[in-house]
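Input: a single structure, listed below in structure tokens.
The values are calculated or read from the model by the stated rules, or taken from the named source; none is laboratory data. These numbers were taken from a predicted model, which means no experiment stands behind them. Cβ placement follows ideal geometry from the backbone for every residue including glycine, while neighbour counts extend to all protein chains displayed.
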Amino acid sequence: MWPLLIIALLTALLGSSLFFCRRKLSQRWSRKGSLKAEESRLRRFQLEEVAKATKNFSAEYLLGSGAFGNVYKGTFERHGTLAIKIAHADSYQSVEEFRNAEVRLLSTVNHPNLVGLVGYCEESGPKGAKILVYEYVPHGSLLEYIMGRGGRNLTWRQRVNIAIGAAKGIAYLHDGIKPSIIHRDIKPSNILIGDGMEAKVSDFGLVKLGPVGDQSHVSSQIKGTPGYLDPAYCTTFHLTPFSDVYSFGVILLQLVSARPAVDSTTRCQPNYHIIDWARPSIEKSSIGEILDISLLSQAQACNMEMMLKMGELGLRCVEKMPKNRPTMARVWQELEDTLHLVDNSSTHKQPWRSSGRATSKFAPPTERVHHRSLDKDFSQSFVSIDGVGFQKFRIEMDGVSLQSSSSLRCFEFSTNDGVEVDKKNLTPVKEETSNQCF
């Protein structure tokens, strides 16, 4: 009797052990199979060929650097020019963390408004190389255009199309894949400009998987860029896709005004956030008061209806309560719908050049800006010369200074030397006496 019981117990124990071992092996092989599947879509580069493509990571090939690592431009025989992101040694603790954090995650991402992952390079050990190889986007970042670096400027239509494209890319991360992905670092420097001036969202170093099932949020340490961080996320540690929406709302305001998210140079109020600065003008539909002045000197007249829509949508994106913000899908749909409306109505209205105020209805065809005129009736802040709108600036003669705010909206000029002016070709303009900072 006892021998039979002992044999039965041993058999049961052996069967259980075999079952669990087989289950673990199955999971391991499943993971390996998944990685092989990823490798079939991604190219695994050797460190030697990456070093050769960048001339041993030469400084002349450096595109940029950040807290996560450096980005180089590299030229490969088979793939042409690519962007190479090299992580700092302490960015990942292991090869597996590197694979899980970005390689596996980004291998499933495929959208024309997201920078595509081409391949990777990995070396074992904490100090081993961890490299991601992306498609190369040739025309820099949106930040360079907003700040006007190198004389770069965007037309009003390019700004709208870039906003639509970037919104579509972020919406894909939120709704187009499961589980969803929250970017966590949406800002102008992470929106690259492609050959066709299309937007491509980049830099996925801070991405986080979004809530699943009945979850309303994921708990996370606060990571991101000051000025673009969602205050609700900062106070509750609750991360949702609406945190990306908040960041994008700030970018919409920047596309309208070409102003930094936080302006530390403003005399009236240091560390002045663009939301606080832009809100009063947008809420009274006076979009001209905050408009990027470069839009007024371009051959293509700026459409104020569209700019006002971008500003209003930007304020909705930065609502205090995340649930009151639109989704990213809603953002691009509204922008696209308004652009179509503007285009279809172009034969019934004349685009705005110099008015400081845009109304919700289209202006009649008779409202035109005439050449060789200096019109003072539109706004206290703007005038029009030869059909081109300019913001007034104050001239003082008691000191020597030439100042311009980083937003290119507030100018001061003064000199001790004489200023020669051809008075015959000028029409008097009433001097502004206020010291308002724009």
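In table form, for the structure just shown:
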{"item": "In the stretch 296-330, the residues that are assigned to a helix (DSSP H, G or I) and among the acidic types (Asp, Glu)", "result": "305, 312"}
{"item": "Failed item, numbered, when residue 113 is tested on (1) in the same structural domain as residue 53 (by TED's automatic domain parsing); (2) under 19 Å from the mean Cα position of the chain (by Cα); (3) at pLDDT below 95", "result": "(3)"}
{"item": "Some residue of the stretch 220-230 being touching a residue at least 60 places away in the same chain (Cβ under 8 Å) and not in a loop (DSSP other than H, G, I, E, B)", "result": "no"}
{"item": "Verdict on residue 160 being surrounded by 18 or more Cβ atoms within 10 Å (Cβ to Cβ), touching a residue at least 24 places away in the same chain (Cβ under 8 Å) and assigned to a loop (DSSP other than H, G, I, E, B)", "result": "no"}
{"item": "Top-ranked residue in the stretch 121-164 [being of a type in the set (Gly, Ala, Ser) and touching a strand residue (DSSP E or B) at 6+ places or on another chain (Cβ under 8 Å); ranked as modelled with the highest pLDDT]", "result": "163"}
{"item": "Among residues of the stretch 174-184, those that are at pLDDT 95 or above and under 20 Å from residue 141 (Cα atoms), counted", "result": "0"}
{"item": "Residue count, the stretch 71-84 (criterion: without any contact (Cβ under 8 Å) to a residue 60 or more places away in the chain and surrounded by 16 or more Cβ atoms within 10 Å (Cβ to Cβ))", "result": "8"}
{"item": "Hey, residue 369 of a type in the set (A, V, I, L, M), over 29 Å from residue 228 (Cβ atoms) and either modelled with pLDDT under 80 or crowded, with 19+ Cβ neighbours inside 10 Å (or both) or not", "result": "yes"}
{"item": "Given (1) assigned by TED's automatic domain parsing to the domain that holds residue 63; (2) modelled with pLDDT under 90, index of the condition residue 118 fails", "result": "(2)"}
{"item": "Failed item, numbered, when residue 282 is tested on (1) in contact with a strand residue (DSSP E or B) (Cβ under 6 Å, 6 or more places away or on another chain); (2) at pLDDT 95 or above; (3) more than 28 Å from residue 109 (Cβ to Cβ); (4) not small (Gly, Ala, Ser)", "result": "(1)"}
{"item": "Qualifying positions in the stretch 223-256 - within 23 Å of residue 166 (Cα to Cα) and more than 15 Å from the chain's Cα centre (by Cα)", "result": "223, 231, 232, 233, 239, 240"}
{"item": "Long-range neighbours under 7 Å by Cβ, at least six apart or interchain, first residue part of a loop (DSSP other than H, G, I, E, B) within the stretch 98-117, second at pLDDT 90 or above and among the polar types (S, T, N, Q)", "result": "115/202"}
{"item": "Criterion violated by residue 37 - all others in (1) surrounded by 13 or more Cβ atoms within 10 Å (Cβ to Cβ); (2) at pLDDT below 65; (3) aliphatic (A, V, I, L, M) satisfied", "result": "(1)"}
{"item": "Qualifying residue in the stretch 187-209 (condition: closer than 17 Å to residue 322 by Cβ and in a loop (DSSP other than H, G, I, E, B))", "result": "no"}
{"item": "Matching residues, the stretch 163-172, being surrounded by 24 or more Cβ atoms within 10 Å (Cβ to Cβ) and either among the hydrophobic types (A, V, I, L, M, F, W, C) or without any contact (Cβ under 8 Å) to a residue 24 or more places away in the chain (or both)", "result": "163, 166, 167, 170"}
{"item": "Matching option when the condition is on the phi > 0 side of the Ramachandran plot, of a type outside the set (Lys, Arg), in a helix (DSSP H, G or I) and in the same structural domain as residue 329 (by TED's automatic domain parsing), among 165, 169, 150", "result": "150"}
{"item": "Test: residue in the stretch 187-196 that is among the small types (Gly, Ala, Ser), crowded, with 24+ Cβ neighbours inside 10 Å and within 22 Å of residue 66 (Cα to Cα)", "result": "no"}
